[in-house]
Each structure stands twice: as C-alpha cells, then as structure tokens.
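Okay, so here's the structure we're looking at.
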Amino acid sequence: VDVELLAACAREYPGWTFPIFGPVERSVDLSPLRDLPNVSVQGRVAYERVPAIMQAFDVGLMPFRPGAISDYANPVTLYEFLALGKPVVCTPLQDIEGLDGLIFVSRNEFVPNVERASHARGEHLAHRRRAVADSHSWDALVHGVLSSLPL
C-alpha cells in the first residue's frame, strides 16, 4: 500500500474520513498517517464484518505501490467494492481493463480522482458495477473454465 498516497488524500480532503482496514505488516511505515485527524487505522477485522464496513464507504481506495505485488495482484477487493456498487480509485493493476467510468485508475491523478469518484454515483452506475463484479464471481469464472473444456 502506498501510505504516502493515502496521506496525500487525507490532507487534500480534511473534511472526509479515511478509515484504514486490514492487516498491517511490521515493515509498513504508517507514520505519515498517524497525525492526520481524519485517518483511523483499524487493522485487521473479521472477514464477516468486511461487507458492512465497505458498504459504509462512499469511495473505495486501492493505492498500491508499483512493484511485484501490484503487478501480479488479483484485485479481489476491487470486485468486492464493485459488488456493493461503489466507485473505486486505484493505482494501475493488471487485469482491470474495460472498467472506464466505473473505476478511476491512475497514479499521478490518484488524489483528484478521489473527488471525481465521489461524484460518480447513482443507481445506473451502481448497477453496472455490480454487473462487472458478477461477471468476475467465482461462479462465473468456474463456468468460463468449464465451458472451455472439450467434451
């Protein structure tokens, strides 16, 4: 996770709240976030609580640092946000083509994309996001694999 990018967002939008959830590796320096009053680092949460937590978000943020993890990561969290109809701002990742208008992808425009995404709401967009998530569900993926097998 690009902690500096998250800190830049929190500084740019001081009236917004930035809850950070998930396991925190000891090697990750969270000090840029510690003194920001609109950031709360929650740490690991039980998986069954994740959908309710994500449902409360206006925008999902996925600021990955460039490198091996982001180059080969399967963006499960992206599809979780989309399944909830949420707009997402993320840095470039593999395998997220064709989602223009539903998610906002950029490293250089990450901070301004947060505000853009906050305005990209509405039931029509939420429906399209949920449809994308459905097309990437385990059922859809398994069906795609099985239908490609010779009979």
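Is it the case, given these coordinates, that E4 is among the acidic types (D, E), open to solvent by 30 Å² or more (accessible area, probe 1.4 Å), free of Cβ contacts under 8 Å to residues at least 24 places away in the same chain and in a helix (DSSP H, G or I)? No; evaluated as a whole, the condition is false for this residue.
For region 1-59, the set of residues classified as more than 26 Å from G85 (Cα to Cα) and hydroxyl-bearing (S, T, Y) consists of S27, S31, listed by residue number.
The values are calculated or read from the model by the stated rules, or taken from the named source; none is laboratory data. The model shown is predicted, which means the values in this text are computed figures rather than measured ones. For neighbour counting, all protein chains shown are included, and Cβ atoms are generated from backbone atoms with ideal geometry for every residue, glycine included. Note: areas computed on protein heavy atoms with side chains; ligands, DNA, RNA excluded. Shrake-Rupley method; radii C 1.70, N 1.55, O 1.52, S 1.80 Å.
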